[in-house]
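Notes follow once the structure below has been shown.
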Amino acid sequence: MNSPFGNPNRPNSYIGKTVPRPNAKRLVQGRGQYVDDMVLPRMVHVVFVRCPHAHAKITGIDATGALAVKGVLRVFTGADIAAVCTPWVGTLAHLKGLKSPPEHAIATDRACWVGEPVAAVVATSRAAAEDGAALVDVDYETLAEVTDMMTALDQATPVLHPEMGDNLAFQRRHDEGDVDAVFAAAHTVVEAHFQTGRHTGVTLEPRSILVDWNPGEGQMIAWHATQAPHMIQVVLAQHLDLPESRVRVVCGDVGGSYGIKVHIYPDEIATAAIAKIMARPVKFIADRLESFTTDIHARDHEIWGRIAVDKDGKILAFDIDDWTAIGAYSVYPRTSAIEGNQVVNLCGGPYDFKDYRAKTTVVFQNKTPTSQYRAVGHPIAVTVTEGLVDMAAAKLGLDPVEIRRRNLFADDAYPVVSPAKLRFEGLSHHASLDKLIALMDYDALRADQADAKSRGVVRGIGIASFIELTNPSPFMYGIGGARISAQDGCTVRMDPDGSIVAASSVTEQGQGTEAMLSQIVAEGVGVLPSEVRIITGDTQSTPYGGGTWASRGAGIGGEAALQAARALRGAILEVAGAMLQCAPDTLDIRDGAVVDKADGADRMPLGELGRIVYFRGDTLPKGLPRELVQTRHYTPADYPFAFTNGVQASYVEVDTDTGAVKLLNHWCVEDCGRVINPQLVDEQIRGGIVQGLGAALFEELHYDAEGQLLNGSMADYLVPMAGEMPDMIIAHIETPTLESDLGAKGAGEAGTAGAAAAVMNAINDALRPLGGEVTAMPFTPERVLRGLGKLTD
Amino acid sequence: MKASVGGYARAVDLRHALDLLAQGDGMARVLAGGQSLVAAMNMRLSSGDLLVDINHIAALKGVTREGDRLRIGALTRHAEVATDTLIAQHAPLLRKATDLIAHAAIRNRGTIGGALAHADPAAEFPACVLALDAMVHVDGPDGARDIPAADFFTGVFETMLREGEILTALSLPVAEEGEGQVIHELARRIGDYALAGLCVVRRKAGHRIVCISVGTHPELATAAMDKLDAGDVAGAVAALRDALDPPSDTQASAAYRRHLAGVLLERAIADLNGESA
């Protein structure tokens, strides 16, 4: 059950207010401490020799030239690393049928994508290691490559991993009701083929790791840009034959993650293995070019979708056939099957309908592995769902807003179970849509669109409703056998001066976790946020937990922090009651001082209480508990996931002669439950929208038929930039989850989930009167012109 | 990646720079703004370069009017081209082009001489100087020489510059009364290389059209120019599309680029007519 955070005049009312980020000043002053800023005595640098072929047998490696380079110390092959590091398999028990072969940190006899590490060069400087890497002579015997997704399962296509039997990694089906009968009898059926472009996360800070192995202590320390320090601890221990307790993972400042930094990467594990072999600190920083071929990719999907509606536009059924290609290995340990799985779970998500069939087919190919990237699967499901809903509306002559009003789950329908068996605790689709319509002034915008049309200017409006999966319980990974915690913890302590230190197992990636935690702890204890210092990202000094992914930091880590802070408050008041000779429940803590609860009269600053407890404990009653350190943990238990919802709108202008799309405006109303810090949530949404707009208009990794990446640089792979971004107007509905006191759900995926679909629908709203339509992202000028039929050769 | 540089020397004057280039044994590279060269070195597309830094040579700087010609020093930065009043008055095409070139940080360092010597077929300035019928001035071990822009560009990243020569300046006729100069292009994002672009200069003697990003190097679109001189815009668009053989890449196909060039020509003409009306 929620605590009441609604009254803005309550004491210590920091939850729900925009509180400055404690780390912002330091970062803006350039005093961030990223992995690459760290220099240790005896530290060396590793650079990886990477396979230039999509599929090749390694027939020989000659390191003579490399070893002659000044500064080069060692060259490691796959066999050298395999001697100290066991291979891994990226499967999970609950993803039935998922298969993937063992993957080595450095390829041993065969490389399966352009960019897979085949050797490692260690030198006293990065430059010397690069000089050496250029001189490692690798003999390859190229093998037939599998690059096309849709023919990967054909008889004529070679099997990438013969021991797997075929190129099918995973398949998952939903079959609810009698879909064929419903489609056969439906008033209107619309079908379409959608494509989402393969893209990647492009973090400002590239993947980075520095590992030291100290044989004297028997301890490995990895300073790592990661989202999940405890998961990394487990993996390093398991594959390098160390006790978990002897691996410490430290995660300092991180320059963006977006899911890219939550996976196990062969080169990073190899770095740890090399540190263990050489017994000295080894640093690996991915450079921008190798990031494009080695950071996980995502979103490479083709989807055939059908929707059946009755004459009033009531949705009767969806039928979805999703295909995705994941590279040569399922990524460890979260797998590469989750994205397709999410697509078939999330399609149709906002709507109240009965019959549902969906299948995802996940195949192997010789390209960079794909895995979880921000809003995993959501943008694909939302694109297909919202694209089909708009097409059905157009066919019936219904307004896109009206068809959604007729089909969205009613706001009083909860709790409810969707046809894909998702359990919704409480969503606000209609309230969100109403707010969006008011915010964008829908009717005025339609009038502007008509006015533009009269001037020969083609504009379109697109709407996209969505659901978002947040606060994952152990049903996401733990149930499948992965040692990935769904629980998070927080330890909150009061020091003698009355200041507070909170150590949390959720991590800061640049998104403001520390600000969120500081204001929760400040409110929970009763001090100013500036009196709270936050420790995150150190497996040795924080409670055990999952880290930051799947929009879990505020909802799970925040609840643990609230409970720990309240426990500390209780412990402080117990001591205060004894000191002040009154019942603890007649006292309160406000702005760092003990006060009378009734009238707020000052009784004692926390610093005085701290002085007595820590230095004059002899004056307190013997036996009085004085535990000014409290720890609490939290795991979601009532629901597998806390679903949130929202709706986005896009207004675009299409140049029908060039096909160029201009983003005029963007709106988002979303419901992440309790908003802890409005500014941080708004900027999460905006950042997410930007990545969704990247998917809609810019981002796509191109491969040729031989599996060569054609646009692996910042010049050719177009990330969304400020110049093209529209104004984004953000608003919220708050439906707190009743599972926690805090009531917070996640907000990290919402922007990305719906932005691309809103843009697609807006472009198609613009093109429809001209007989055009686009469904393959990104919507490049050329694709728009072809969608208009203006370019046919 | 880390650049692998063979050496660096700062030239104090042009003679010094030419001497340093001559000693380079084929590995010497002129470092001006460095906006292409340094990126290439950082990707190790080029290594072992002996850099001859010409940034401190006063003779390569400045914009001056010399009679009916405008002389622009090779070291003139894109940002200076954008704000120079002589250029705005006598070669407005160059000023307009700076609105389309990359981003502020790049324009602050990149030089017009570097852009011409690099001869990227997607760059704006090479097309502009040909459209303006400029003269490229170079100096070298065998003395100074002047090369008409029409001869200067020979291929992708290829020019008439010889080993050991430095591009010192360009000069061009000041715009005549009523002359029209426009540049139009379409890029995926602001500052990106254009999918296609073109410059059109309208003089009493006739039109000059040069395209961007659709060929190996800047060339006059003579067939389209003839049609335009004859007042046939539709014919010019058709002739331009007919003459082009653009590349296909991950951003756009040849067919799209050919189509786009025609659209841009129509828009350039409309722009010119609006300006001179």
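Brief remarks follow.
- Looking across A:A169, A:A123, one residue alone is surrounded by 22 or more Cβ atoms within 10 Å (Cβ to Cβ), within 14 Å of another protein chain (Cβ to nearest Cβ) and touching a strand residue (DSSP E or B) at 6+ places or on another chain (Cβ under 6 Å). It is A:A123.
- Test: residue in the stretch B:44-67 that is farther than 27 Å from A:D287 by Cα and basic (K, R): yes
- Residue within the stretch A:438-460 that is within 28 Å of A:V774 (Cα to Cα) and touching an Asp or Glu at 6+ places or on another chain (Cβ under 6 Å) present: yes
- When the residues of the stretch A:126-148 are filtered to those that are within 14 Å of chain B (Cβ to nearest Cβ) and not small (G, A, S), the one that is nearest to A:V46 (Cα to Cα) is A:R126.
- Whichever residue in the stretch B:19-47 is surrounded by 18 or more Cβ atoms within 10 Å (Cβ to Cβ) and of a type in the set (A, V, I, L, M, F, W, C) and, among such residues, is nearest to the other protein chains (Cβ to nearest Cβ): B:M41
- Checked against (1) more than 30 Å from A:L517 (Cβ to Cβ); (2) within 14 Å of chain B (Cβ to nearest Cβ); (3) modelled with pLDDT of 95 or more, A:A715 passes all but a single condition, namely (3).
- Matching option when the condition is closer than 30 Å to A:D287 by Cβ and more than 14 Å from chain B (Cβ to nearest Cβ), among A:G694, A:G688: A:G688
- The set of residues from the stretch B:90-106 being part of a helix (DSSP H, G or I) and either under 20 Å from B:E179 (Cβ atoms) or in contact with an Asp or Glu (Cβ under 9 Å, 6 or more places away or on another chain) (or both) comprises B:H90, B:P92, B:L93, B:L94, B:R95, B:K96, B:A97, B:T98.
- Test set (1) out of contact with any His (no Cβ under 7 Å at 6 or more places or on another chain); (2) buried (at least 18 other Cβ atoms within 10 Å of the Cβ); (3) assigned to a helix (DSSP H, G or I); (4) within 14 Å of chain A (Cβ to nearest Cβ) - B:A268 fails condition number: (1)
- Cβ separations smaller than 9 Å between residues 6+ apart or across chains give no pair from the stretch B:52-74 residues that are of a type in the set (S, T, Y) to residues that are surrounded by fewer than 14 Cβ atoms within 10 Å (Cβ to Cβ).
- Restricting the first member to the stretch A:271-287 and to residues that are within 14 Å of chain B (Cβ to nearest Cβ), and the second to residues that are of a type in the set (A, V, I, L, M) and crowded, with 21+ Cβ neighbours inside 10 Å, the beta-carbon pairs closer than 6 Å and six or more apart or on different chains are A:K283/A:L210; A:F284/A:V46; A:F284/A:I209.
- Selection count where residues are within 14 Å of another protein chain (Cβ to nearest Cβ) and either of a type in the set (A, V, I, L, M, F, W, C) or touching a helix residue (DSSP H, G or I) at 6+ places or on another chain (Cβ under 7 Å) (or both), scope the stretch A:725-762: 1
- Taken together, the residues in the stretch A:296-328 that are buried (at least 24 other Cβ atoms within 10 Å of the Cβ) and out of contact with any strand residue (DSSP E or B) (no Cβ under 7 Å at 6 or more places or on another chain) amount to 1.
- Checking each residue in the stretch A:176-195 for being within 33 Å of the chain's Cα centre (by Cα) and assigned to a strand (DSSP E or B) picks out A:E176, A:V190, A:E191, A:A192, A:H193, A:F194, A:Q195.
- For B:L170: the one exception among (1) part of a strand (DSSP E or B); (2) in contact (Cβ under 8 Å) with a residue 24 or more places away in the chain; (3) out of contact with any helix residue (DSSP H, G or I) (no Cβ under 7 Å at 6 or more places or on another chain): (3)
- Residue pairs whose Cβ atoms lie under 7 Å apart, sitting 6 or more positions apart in sequence or on different chains, and linking a residue in the stretch A:656-673 that is within 11 Å of chain B (Cβ to nearest Cβ) to a partner that is assigned to a loop (DSSP other than H, G, I, E, B) and of a type outside the set (D, E, K, R), are A:T656/A:L788; A:V661/A:F779.
Yes or no, residue by residue, for (1) touching a Leu at 6+ places or on another chain (Cβ under 9 Å); (2) of a type in the set (D, E, K, R); (3) closer than 18 Å to A:K99 by Cβ:
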position: A:E302; (1), (2), (3): no, yes, no
position: A:D310; (1), (2), (3): yes, yes, no
position: A:L316; (1), (2), (3): no, no, no
position: A:D322; (1), (2), (3): no, yes, no
position: A:G327; (1), (2), (3): no, no, yes
position: A:N345; (1), (2), (3): yes, no, no
position: A:F353; (1), (2), (3): yes, no, no
position: A:A358; (1), (2), (3): no, no, no
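- When the stretch B:223-262 is limited to residues that are within 12 Å of chain A (Cβ to nearest Cβ) and either without any contact (Cβ under 8 Å) to a residue 24 or more places away in the chain or touching a His at 6+ places or on another chain (Cβ under 8 Å) (or both), the one that is surrounded by the most Cβ atoms within 10 Å (Cβ to Cβ) turns out to be B:H259.
- The strands (runs of 3 or more DSSP E) falling completely within the stretch A:499-603 include none with 1 or more residues that are charged (D, E, K, R), surrounded by fewer than 21 Cβ atoms within 10 Å (Cβ to Cβ) and at positive phi.
- One residue stands out in the stretch A:779-793 among those that are more than 9 Å from chain B (Cβ to nearest Cβ) and either of a type in the set (G, A, S) or in contact with a helix residue (DSSP H, G or I) (Cβ under 9 Å, 6 or more places away or on another chain) (or both): the one that is surrounded by the fewest Cβ atoms within 10 Å (Cβ to Cβ), namely A:G789.
- Put simply, of B:I183, B:I190 the only residue that is part of a loop (DSSP other than H, G, I, E, B), closer than 28 Å to B:R258 by Cβ and modelled with pLDDT of 95 or more is B:I190.
- Of all residues in the stretch B:196-216 being aliphatic (A, V, I, L, M) and in contact with a helix residue (DSSP H, G or I) (Cβ under 6 Å, 6 or more places away or on another chain), the one that is nearest to the other protein chains (Cβ to nearest Cβ): B:A196
- Extreme residue, surrounded by the fewest Cβ atoms within 10 Å (Cβ to Cβ), among residues of the stretch A:22-66 that are of a type in the set (G, A, S) and in a helix (DSSP H, G or I): A:A24
The values are calculated or read from the model by the stated rules, or taken from the named source; none is laboratory data. As the structure is a computational prediction, the values presented were derived from the model and not from experiment. Cβ coordinates were reconstructed from backbone atoms using ideal geometry, including for glycine residues, and neighbour counts include every protein chain displayed.
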